[in-house]
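Asker: Take a look at the following structure, please.
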Amino acid sequence: MAKYKRVLLKLSGEALAGPNKTGFDEATCLEVARQVKSLVEDGVQVAIVTGGGNFWRGRTSETIDRTKADQIGMLATVMNCVYVSDIFRYVGLKTSVMTPFVCGAFTELFSKDKAVKALEAGEVVFFAGGTGHPYFSTDTATVLRAIEIEADVSWNETAWYPFKNQHRRSGRGINDHASAKKCGSGGTCYDVFWTVVSVIADQTVNIG
Ligand code: UDP
């Protein structure tokens, strides 16, 4: 029996790029999909926020307007989710991709109810497009969505955020989670992602 019922994982663009550092490394993405599949088969509900740094970050350009640059970054996260969710389907998982803004028929518009329903049905739910606002990052989106979907725990690159029941406390901001603990450092984003999946699977982490 898995310790966590619902987890939110952050998958950075860098992790998707593998050794290439840019674009997608298909072997890496397939391995990520297989790792997540083992969690789903263990009964864990998995949601994933993807970054976009393998294509573009708002700070990439020193020339264009920052809001426009961030919009490009958010679109990069959508490309990542469309790609990765299909890799996940290839290994036999069911997926859905949700965005905070309309992307035609490519994605569904995010709603908490739809996301929770899909998670309870065993789908891996991807949250693309970050928060939908410039001047934020997908790390912010990770914490935000984790609170919204009532995840037990979320992870963004270096920190665990234990959320159990904390979403119900009024007046608690996302920066108040002082109990966030480092779960990995020194490795690549992919190494850290792998560590996180292993820890969830082994149920050995003490999130305090
Ligand atoms: N972004 C944004 N608002 C958000 C999330 C992301 O404007 O809520 C933009 C921002 O330009 C960011 C880019 O999307 O640099 C890619 O996201 P991020 O840098 O978090 O990706 P990662 O480094 O994790 O791959």
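Asker: Take the residue pairs 5/37; 5/112; 5/94; 37/68; 94/114 and return only those whose Cα atoms are more than 24 Å apart.
Answerer: Values: 5/37 15 Å; 5/112 16 Å; 5/94 17 Å; 37/68 36 Å; 94/114 14 Å.
Going by Cα-Cα distance, 37/68 fall outside the 24 Å limit.
Asker: Only four residue types carry charge here, +1 at the Cβ of Lys and Arg and -1 at the Cβ of Asp and Glu. Report the dipole size of the stretch 21-60 about the Cα centre in Debye, rounded to the nearest 20.
Answerer: 320
Asker: Starting from the 7 Å offset along Cα-to-Cβ, what nm value, one decimal, do you get for the label separation of residue 60 and residue 102?
Answerer: Spacing of the two 7 Å Cα→Cβ label points: 2.7 nm.
Asker: Under a plain spin-label model, where a point goes 7 Å from the Cα along Cα-to-Cβ, how far apart in nm are residue 89 and residue 113?
Answerer: 2.6
Asker: Mind checking the full-extension length gain between residue 121 and residue 68? Use 0.36 nm per residue of separation minus the Cα-Cα distance, one decimal, nm.
Answerer: Roughly 15.4 nm would be gained on extension.
Asker: Sort out for me the Cα centre separation of the stretch 74-146 from the stretch 1-44, rounded to whole Å.
Answerer: 14
Every number here is computed from the coordinates shown, using simple stated rules; none is lab data. For clarity, every value in this text was computed on a predicted model and none was experimentally measured. Note that we place each Cβ from the backbone using ideal geometry, even for glycine, and neighbour counts take in every protein chain shown.
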